[in-house]
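In what follows, a structure is listed as structure tokens, so that the remarks can point back to it.
The values are calculated or read from the model by the stated rules, or taken from the named source; none is laboratory data. Source: prediction; values computed, not measured. Glycine gets a Cβ as well: all are built from the backbone with ideal geometry, and neighbour counts include every protein chain shown.
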Amino acid sequence: MQEDSLAKLAAEVLVCTKCPLHRSRSRAVPGEGPEGARIMFIGEAPGREEDQQGRPFVGRAGQLLTEALEEAGLGRSEVFITNVVKCRPPGNREPTEEEIAACRPYLRRQMALLKPQVICLLGSVAVRAVLGEGSVSGLRGRFLERAGQRYYVTLHPAAAIYNPNLRAPFKGDIRRLADEVMGRRARAASRLEEFFG
Ligand code: URA
């Protein structure tokens, strides 16, 4: 039997018909990032841009996430980025419980294949779908452990697009995550950037 891999999983997602979202999607969005990623980000669902390009977090919320990562000394290509559901819900509505349940096996497989040091849950849909309990406001900015896996919860970057007052707190959360996981390397890189501008 062929061994499971992120590439095999992505190929399955691209032709998935397990829930009604496949009818309205342009492209499924399995997620992207290297096998050895130490941090895995889980958002809610692809939006319009992501549905067009087949890549996660490439719209406005994605630009803010990318900016926050870079300011924290992390490249997008170093982390794995995916969503709770892999196809865009029409009109960007929240995914239903049925859609989340249909897509959960893909997410679980990605988590098992990557075994990241930390899984960062972006927003309330990811918190509910993965942890099954708790709220962003109650869990934000803290490292948690569940069944041997470390998690970190922060805002969905779209919340910080709608409310600019949340941008600094969001970026602060991502910096703390990077510092904790990447340790000295991230701190040294950001010090160099501060020095040389
Ligand atoms: N919002 C998400 O939750 N995921 C994306 O990929 C883009 C926007």
| task | Could you tell me whether residue 61 is within 12 Å of the chain's Cα centre (by Cα), among the hydrophobic types (A, V, I, L, M, F, W, C), surrounded by 17 or more Cβ atoms within 10 Å (Cβ to Cβ) and part of a loop (DSSP other than H, G, I, E, B)? | result | no
| task | Mind listing whichever residues of segment 151-169 are aromatic (Phe, Trp, Tyr) and either under 24 Å from residue 36 (Cα atoms) or in a strand (DSSP E or B) (or both)? | result | 151, 152
| message | Any residue that is within 15 Å of the ligand (Cβ to nearest atom), in contact with a His (Cβ under 7 Å, 6 or more places away or on another chain) and at pLDDT 95 or above - is there at least one of those in segment 98-112? | response | no
| request: Restrict the check to segment 125-134 and report whether at least one residue is touching a Leu at 6+ places or on another chain (Cβ under 9 Å), surrounded by fewer than 21 Cβ atoms within 10 Å (Cβ to Cβ) and within 23 Å of residue 52 (Cβ to Cβ). | output: no
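Condition check: among the small types (Gly, Ala, Ser) and in contact (Cβ under 8 Å) with a residue 40 or more places away in the chain. Does residue 73 satisfy that? Show your work before the answer.
Working: among the small types (Gly, Ala, Ser): yes; in contact (Cβ under 8 Å) with a residue 40 or more places away in the chain: yes.
Here the answer is yes, as residue 73 does meet what is asked.
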| note | Selection over segment 33-49 where residues are closer than 24 Å to residue 136 by Cα and within 12 Å of the ligand (Cβ to nearest atom) yields a count of 7
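Test residue 54 against the criterion of being within 12 Å of the ligand (Cβ to nearest atom) and in contact with a Lys or Arg (Cβ under 9 Å, 6 or more places away or on another chain), and give yes or no.
Values: within 12 Å of the ligand (Cβ to nearest atom): yes; in contact with a Lys or Arg (Cβ under 9 Å, 6 or more places away or on another chain): yes.
Yes; evaluated as a whole, the condition is true for this residue.
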| task | For residues that are among the aliphatic types (A, V, I, L, M) and over 20 Å from residue 180 (Cα atoms), scanning just segment 128-146, find the one that is farthest from the ligand (Cβ to nearest atom). | result | 131
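Here is a list: 48, 27, 55. Which entry is in contact (Cβ under 8 Å) with a residue 40 or more places away in the chain and touching a helix residue (DSSP H, G or I) at 6+ places or on another chain (Cβ under 9 Å)?
Values: 27 fails: in contact (Cβ under 8 Å) with a residue 40 or more places away in the chain; 55 fails: in contact (Cβ under 8 Å) with a residue 40 or more places away in the chain.
After applying the criteria, what remains is 48.
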